[in-house]
Amino acid sequence: MKNQSYIELTAMLEQKINQLLSENKVDYLIVYGKGSFWFKTRPLLIRKQTEIEKVIWNRFCQFNLSTFLKPGSRKGEKIGIITKKCDIRSVVELIKNNQINKDNLYIIQVACDGIINWQKLENLLGATVSKVIEVEENALNFVIKMPETNIEVLKNDYLLDKCLICDYQQSFYADEFLITSEEKVEEIKNQFLPSLEILENMSYEERLEYWLKHFSRCMRCYACRNVCPVCYCPTCMFDSQEGLWISKESKTSENYVYHLTRAFHTATLCVECGECERVCPVNIPLMKLNNKLAKEVSEIFGYQAGLKVDEVSPFKTYCQEDSDEFK
Amino acid sequence: MHNQSQSFRDSTISTARELEIELEELPDWYCCGAVYPLRSEDLISLLSPTRNLMGAKKEGKELVTLCSACYQVLKRTNYLILNDADKREKLNNYLEEKYDGSTKVLHFLEVIRKDVGWEELKSKVKTSLTGLKAAPYYGCLLLRPQKELVFDHPENPTIFENFLQSLGCDIVDFPYKTECCGAYLGITEEKVINSAVLKIIQGANKRGIEVLITSCPLCLYNLEAGQKELMKSGHISKPVPVLYFTQLLALALGLGVDVCHFEEHQINPLPVLERLK
Amino acid sequence: MEIVAFCCQWCSYAGADLAGTSRLKYPANIRIIKIPCSSRINPTFIMRALSKGVDGVMVAGCHPGDCHYSTGNYFTRRRLMVLKRLLEFSGINPERLQLYWISAAEGGKFAESVKDIISKLEKIQDKPFPKNPESSP
Amino acid sequence: MRNIGVFVCWCGLNISRTVDIKRVVEETSSHPQVICSTDYKYLCSEPGQKLIKEIVKEKGLEGYVIAACSPGMHETTFRELASRCEINPYLCEMANIREQCSWVHEDREEATGKAIKLVNMAIEKVLHNEPLYPESFPLNKRAMVIGAGVAGMQAALDIADAGYEVLLVEKRPFIGGHMTQLSETFPTLDCAQCILTPKTAEVARHPRITLMPYSEVEEVKGYVGNFEAVIRRKATFVDWNKCTGCAICIEKCPKKIYPEFECGLKEGKSIDMAFPQAVPYKVFINKESCIFLNQGKCGVCAKLCPEEAIDFQQQDQLVKEKIGAIIVATGYDLIDKSELAEFGYGKYKDVIDGMQFERINSSSGPFSGVIRRPSDGKIPKEIVFIQCAGSRDREKGKPYCSKICCMYTAKQARLYKHKVPDGQVYVFYMDIRAGGKGYEEFIYRSVEESGMLYLRGQVSRVFEEDGKLIVWGMDTLSGKKIEINADMVVLASAIVPSNGVKELANILKITTDEHGFIQEAHPKLKPIECMTRGVYLAGCGHAPKDIAESVAQGSATASKVFSLFSRNSVLAEPTVSIVNKDECSGCLSCETVCPYQAIEKENYRGKVIAKVNSALCQGCGSCTVACRSGAIDLRGYTNQQIMAELEALLWK
């Protein structure tokens, strides 16, 4: 997919949104809009046709917009939402867990060829990042156009990790699938980031140290929880009975229980969108926990979150023949 | 098969071609071992079937067998690999590459059922075998253990009957169809074979069966060799020829007697088949 | 060494009582918390216990198929399977969490299970969760 | 709660031998919220209880901890004592320092240390206890019995005799169950009909039994004391208020069928009565075969009926009934024919099952009681009985013993010998299981008197040859292969739960075992209770059993119903789950793990949230873990209580 495709897709998107609004099929739409900086995007809620020009679709649309389905979903309003092929899984999870009614939802899935990791770009360019005019691309490379010069970088080095292994296809649950040219349909495979192996091969002590080092930085701002599309509890257990599960002080042992509980609670629900890790102000590698659990859940139960609305989560059912690894 | 059983080979290859089933010889195949090990720790014997299964996986194809014994060994090995994680791991330790049990093992009869279908087969028959009183002889290896093979009902199978019906034969209900032929006892205890075969053949004679159909080379051998002995000793007077199902199929499809290599048989089936022409 | 045992009141807790009435001896570093069913065990209880420096957690429930509440232990089994892997990945030796199926009639098995978890914990080389993680690097 | 008391029991030497009671008292009294800690030799004794009562009053205790034996022993004692002390019984906790401390440890130092911890844990827990009050529910003193076989009828009669209303629902158009099909019964050779008909007649005329034949339970809602059932009354196309059972219609009906009652052996009609003694004595039309209902022509019965009782327009009716208790007596079927292919069952006419033999032997059966074989009506001279046909067979997924086959095979063989004295009987058996009053003697008499050949072994194959059934078997005692040329083969087919039990179990929220039999609440101590309160279990729906046992179970369930109905309301344990409405996300994960379907939906502030039906909830607490936000908690074992125990345990 070239830049051209993104322009084309944006036009298609605008047209579709226009149609939905004019036909009153939705009350509002959750879309991507331009952010504060050239490569940044932000979530946008539009209700009027006049706002359509603000809609964008490009290589920087990183957010999982389904997080914004958590509130508001109960007002009975009809909502339109833009999803990438990965994000739609969390929409499916929200539907599965009775958090939103599919009848009140119009899902537009837009073709995506991977999202650029702007942090890597920032690291590469440093201060000059503000001078970039545009990022174009050819088959293998991104071409970063600067006033004087062009820098070419390998695409695979600058995409989000999750995009490198992404092989999701058009979801069955999208009401609309916007695509320019025909994409190859592949079977969904399970691939896991190789970086897990490094951790998995450590000794217990090394690994504990690794995590405690990270958790010791946590200040329990709960951004990871708030941004998570599947952390939909109106009141989190850590908020409701304060001091019951963990004490308020920001101690590593308390943080440890918080993070493990969060990971356990999202196991079977987590769609590995990476939002928690993205928003973490102290860069705790939360996705490693999530990826690990998704992998284990898939290995034990053959289950992956967010693929089918009628699939039962492994924690909501049981099988007499489950392996009895404990004795 | 290339040496001992050209009849089975050629009749299969030619009928498969006629039925537009693509068969390809597995490159670099190994003997399946012929007997599925009775001891559960005996994993070494499972290595060569596993290699065959892996070979088919590499080719990205289903693994089709003709012989009932090969079918049993391969399918059971695959079942074990699929369902026993511990054994799978142990077996994989011996192999250069990991094998996960994803190859599908099929008997040629199943292929005909799946890819051609009985009705379609019927329409392809050029020389109907109407009037030929035929009965299947399943033997044991195709059907049991049912949990692992899932081929047909272990006590009351019908796949051969369906097959013969499509060819136009007069099927005779044959209660001995799943009895034991004596198997490898032929090597050491000829008497056992003879008494087993005697029962089967007497039962066939009583029912006026003209030809018995099998897919197992060992059954075929035992039934033929046994009958020869019993003829000598005067226990039976009228021998019943035993044919591979593919031979009958070849005849019905009008492929001629050449591919059938009837000369390989110890009991000449030609007198019975002569009538059909 | 300190071990927490969560025991289902219908089976393993009664099994522990039977071990008592039978005067079977087992080490004293086990503390039993009575719960109605093994499915009442919130994984956070276990994380909490381990993060406070408990050496091991023993969970005991009815044998699969015999749950007093018919299916509770099947859910427990699934939850603990995942929890065990999570603990392991977080750097805690998974042997520190043990699940046993002990019926009300199995006093002997209860005593054996206590000995079993202790012998397993004794073999573990790595340290439990540090008491003051702040002070470690 | 603030003012806690701790009472430590010596239990004579039982505790005091290994635990330093004095230290336990000292250590625990230093707890800021413990205002009194004391010990006594036997707290459970009268003076012990008196002591507690006095101290509670004197110190104004709000709750207390008893450090003594297992709560399994004396929790009830000390909780009752609490209510006598005007403390809510749920503000009493026990620390188990006998079974789980003094009796299992030897080192005095260790045991004392542990006892102190256990008491501290109990103190922390009780500090978080809240007074709980059992809810009481009104009770509908009317029972429903599902299945009018011998077990169900017995239950219905007993309950009705005790003065309660009973609803007896039966899926067939007549009552009496499988026993109506039997000829004679073991071990006394009583005629089945003769002993059964007085009971069916009594059921029919009992003023407090409402009979619902040809009906099935479609839906059951509610809980113990307050069930509401929807029952489908299937159309018989005959107005039973008018039908007199004169049978003119049967005689003239042109459509012949083979009804299920006669096991396909005897012709019947499309409009028919199952058998001459049927209760109710009414005809019904078989919907599948009736010419009029399928082709719109015929209607002979309607023309001839003197009472004009035929009503082709009749529809199934759904009726709603309120009841307080349910007895499940669904009975059995025989294993499917296709599973016994090695015996040629279903293929050869003369290979029959035990029930078919009963019909053949019955004087109202196909041959009026003469034993003939179905294929050609000849009297079989060589007959083979095969026991365990399908039973005790892992391969067929039925590893259980069908229990009655040994006995009825011996009975049938003996009845055969009575009628065909020159016939030869062969019985293949695995073991003879004749545990029952007079059973063993019956078998021995059969074998000795009648010259039957009992062969220990199994049959591998049955097939037809020259008009005979060839039976290949094995006599494992002599180690010989056996071949019998028989005229007829009778299979003692495995007993399986009757068709539709699985669906009914789902409706009733009870569980079935791996074979589809209904699961009892406890295999030994609650053999006739189901997992759902207020639902009881009788007869073969539970497991294979004989008539006497079925009747006994029927009466036993009735007595359970009496004790339930003897009260004016039902009390529910207060240790149930409760939802914090504001914190519930409405994901209903709790619903999926609840074994009792106790989670209901509720509209609250514009969203659907979970609500616990405290009458259904049994307090397992699985939901509290499925709930991520902790919005659902279990009374008596709250998150706070358990965490408090955990914290206390970690004190050094």
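The values are calculated or read from the model by the stated rules, or taken from the named source; none is laboratory data. In this text the structure is predicted, and so the values were computed from the model without any measurement. So basically every Cβ, Gly included, is an ideal-geometry build from the backbone, and we count neighbours across all protein chains shown. Heads up: the accessible areas ignore ligands, DNA and RNA and are worked out on the full protein's heavy atoms, side chains in. Shrake-Rupley method; radii C 1.70, N 1.55, O 1.52, S 1.80 Å.
Quick check on the range D:88-143: take the gyration tensor over C-alpha atoms, sort the square-rooted eigenvalues as a ≥ b ≥ c, and tell me if it's rounded (a/c under 1.5), prolate or oblate. Spell out each step's value before the answer.
Working: a/c = 7.30, a/b = 2.36, b/c = 3.09.
Note, shape of the range D:88-143 comes out oblate.
Which percent of Cα-Cα pairs in chain A sits in each 10 Å bin, short to long?
5, 23, 32, 26, 11, 2, 0
Using just the helices of chain D, give the 222 nm mean residue ellipticity in deg cm²/dmol: DSSP H runs with n ≥ 4 each add -39,500 (n - 2.57), and the total is spread over all residues, rounded to 500.
Numbers: 18 runs with 186 residues, N = 652.
Helix-only estimate at 222 nm: -8500 deg cm²/dmol.
So, counting K/R as plus one and D/E as minus one, what does the shell of residues with Cβ under 10 Å around residue D:318 add up to? Walk me through the numbers on the way to the answer.
Values: positive: D:232, D:233, D:320; negative: D:218, D:219, D:316.
After counting each charged neighbour, the total is 0.
Find how many whole Å separate the alpha carbon centroid of the range A:1-68 from the alpha carbon centroid of the range D:269-324.
67 Å
Modelled label-to-label distance, residue A:50 and residue D:522, 7 Å Cα→beta-carbon offset: nm?
If labels sit at residue A:50 and residue D:522, their model points lie 7.5 nm apart.
Got a sec? Which residues of the range D:108-140 lose 50 Å² or more of accessible surface with every protein chain in place, vs. that chain alone, 1.4 Å probe?
Checking the loss per residue gives D:114.
Specify whether the C-alpha gyration tensor of the range D:519-644 places it in the rounded, prolate or oblate class, a ≥ b ≥ c being the square roots of the eigenvalues: rounded for a/c under 1.5, otherwise prolate if a/b is larger than b/c and oblate if not.
It is prolate, given that a/c is not under 1.5 and a/b is the larger ratio.
In 5 Å bins starting at zero, report the fraction of Cα pairs in the range A:76-169 per bin as a rounded %.
Result returned by the calculation: 3, 12, 18, 16, 13, 11, 10, 8, 7, 2, 0.
For the interface of C with D, what's the total buried accessible surface in square angstrom, probe 1.4 angstrom, rounded to the nearest hundred?
3600 Å²
Just how much of residue B:133 is accessible, in Å², when a 1.4 Å probe is used and the result is rounded to the nearest 10?
Its accessible surface works out to 80 Å², give or take rounding.
Any chance you could get the radius of gyration and Dmax over the Cα atoms of the range B:135-268, in Å?
According to the Cα coordinates of the range B:135-268, Rg and Dmax are 14.6, 42 Å.
If one computes the Cα centroid of the range D:500-546 and of the range B:153-180, what distance in Å separates the two points?
If you average the Cα positions of each part, the centres end up 42 Å apart.
Give the accessible surface of the range B:176-277 per residue, rounded to a whole number of Å², with probe radius 1.4 Å and ligands, DNA and RNA excluded.
42 Å²
Accessible area lost on pairing A with C, both sides, 1.4 Å probe, Å² to nearest 100?
Numbers: alone 17610 and 7770 Å², together 21170 Å².
Approximately 4200 Å², summed over both chains.
Once you treat every alpha carbon in the range D:358-473 as an equal point and sum by Debye, what is log10 I(q)/I(0) at q = 0.12, 0.14, 0.17 Å⁻¹?
Normalising to I(0) and taking log10 leaves -0.47, -0.64, -0.95.
Could you sort the residues of the range D:560-601 by number and keep only those whose accessible area is reduced by 40 Å² or more in the all-protein-chain setting relative to the chain alone, 1.4 Å probe?
D:583, D:585, D:587, D:592, D:593, D:595
What span do the alpha-carbon atoms of chain D cover on each of the three principal axes, reported in whole Å from largest to smallest?
94, 65, 43
To check you understand DSSP bridge types, tell me what percent of the beta bridges within chain D (both residues inside) are antiparallel, rounded to 5.
For chain D, the DSSP antiparallel bridge percentage is about 50.
Heavy-atom accessible area per residue, chain D, 1.4 Å probe: how many Å²?
On a per-residue basis, 41 Å².
Keeping all protein chains in the complex and leaving out DNA, RNA and ligands, what accessible area do you get for residue D:515 with a 1.4 Å probe, in Å² to the nearest 10?
Ignoring ligands and nucleic acids, residue D:515 comes out at about 50 Å².
Give me the percent of the accessible area of chain D that comes from carbon and sulfur atoms, probe 1.4 Å, all protein chains in place.
49 percent
Probe radius 1.4 Å, ligands and nucleic acids ignored: give me the carbon and sulfur share of the accessible area of the range C:44-133 as a rounded percent.
Within the range C:44-133, the accessible surface is 45 percent carbon and sulfur.
Could you please state, rounded to a whole Å, how far the C-alpha centre of the range D:1-19 is from the C-alpha centre of the range D:134-158?
Each part's Cα centre sits 46 Å from the other's.
Could you list, bin by bin from short to long, the percent of Cα-Cα pairs of the range D:568-619 in 5 Å steps?
4, 22, 28, 21, 14, 7, 3, 1
In terms of solvent-accessible area of protein heavy atoms at a 1.4 angstrom probe, what is the ranking of D:536, D:214, D:281, highest value first?
Largest to smallest exposure gives the sequence D:281, D:214, D:536.
Quick one: the Cα spread of the range B:1-146 along its three principal axes, in angstroms, biggest first?
On the principal axes, the range B:1-146 reaches 53, 31, 29 Å in Cα extent.
How big is the Cα convex hull of the protein assembly as shown in projection, averaged over all directions, in nm²?
65.1 nm²
Determine the sum of side-chain charges near residue D:635: Lys and Arg each +1, Asp and Glu each -1, restricted to other residues whose C-beta is under 10 angstrom from that of residue D:635.
Residues close to residue D:635 contribute a combined charge of -3.
Based on the alpha carbons, how large is the Rg to Rh ratio for the range D:250-384 when Rh follows Kirkwood?
My calculation of the ratio gives 1.04.
Provide the net charge surrounding residue D:167, with neighbours chosen by a C-beta distance below 15 Å and charges set as Lys +1, Arg +1, Asp -1, Glu -1.
Values: positive: D:141, D:142, D:171, D:208, D:232, D:233, D:320, D:322; negative: D:158, D:165, D:170, D:216, D:218, D:219, D:228, D:321.
With Lys, Arg at +1 and Asp, Glu at -1, the neighbours total 0.
Over the alpha carbons of the range D:164-273, what is the largest minus smallest coordinate on each principal axis, giving the biggest first in Å?
For the range D:164-273, the Cα spread along each principal axis is 46, 40, 25 Å.
Express the Stokes-Einstein translational diffusion coefficient of chain B in µm² s⁻¹, to the nearest whole number, given a Kirkwood radius over alpha-carbon pairs, 10 °C and a viscosity of 1.306 mPa s.
Numbers: Rh = 19.5 Å.
The diffusion coefficient I find is 82 µm²/s.
For D:429, D:40, give the ranking by accessible area with the largest first, probe 1.4 Å.
Ranked list, largest accessible area first: D:40, D:429.
Using 1/(1 + (r/R0)^6) with R0 = 51 angstrom and r between the beta carbons of residue B:158 and residue B:58, what's the FRET efficiency to the nearest 0.05?
It comes out at approximately 0.90.
Please state the shape class of the range D:7-79: rounded when a/c is under 1.5, otherwise prolate if a/b exceeds b/c and oblate if not, all from the C-alpha gyration tensor.
Oblate.
Rg (Å, one decimal) plus Dmax (Å, integer) for the alpha carbons of the range D:455-598?
According to the Cα coordinates of the range D:455-598, Rg and Dmax are 24.5, 81 Å.
Select from B:187, B:13, B:213 the residue whose mean-square fluctuation is largest in a Gaussian network model of chain B (Cα-Cα springs shorter than 10 Å).
B:187
Just how much of residue A:245 is accessible, in Å², when a 1.4 Å probe is used and the result is rounded to the nearest 10?
10 Å²
Given H placed 1.01 Å from N in the peptide plane, which residues other than close sequence neighbours of residue D:424 have an amide H under 5 Å from its amide H?
Amide H neighbours of residue D:424: D:382, D:383.
Counting Lys and Arg as +1 and Asp and Glu as -1, each charge on the Cβ, what is the dipole of the protein assembly as shown about the Cα centre in debye, to the nearest 20?
With only Lys, Arg, Asp and Glu charged at Cβ, the dipole is about 2300 debye.
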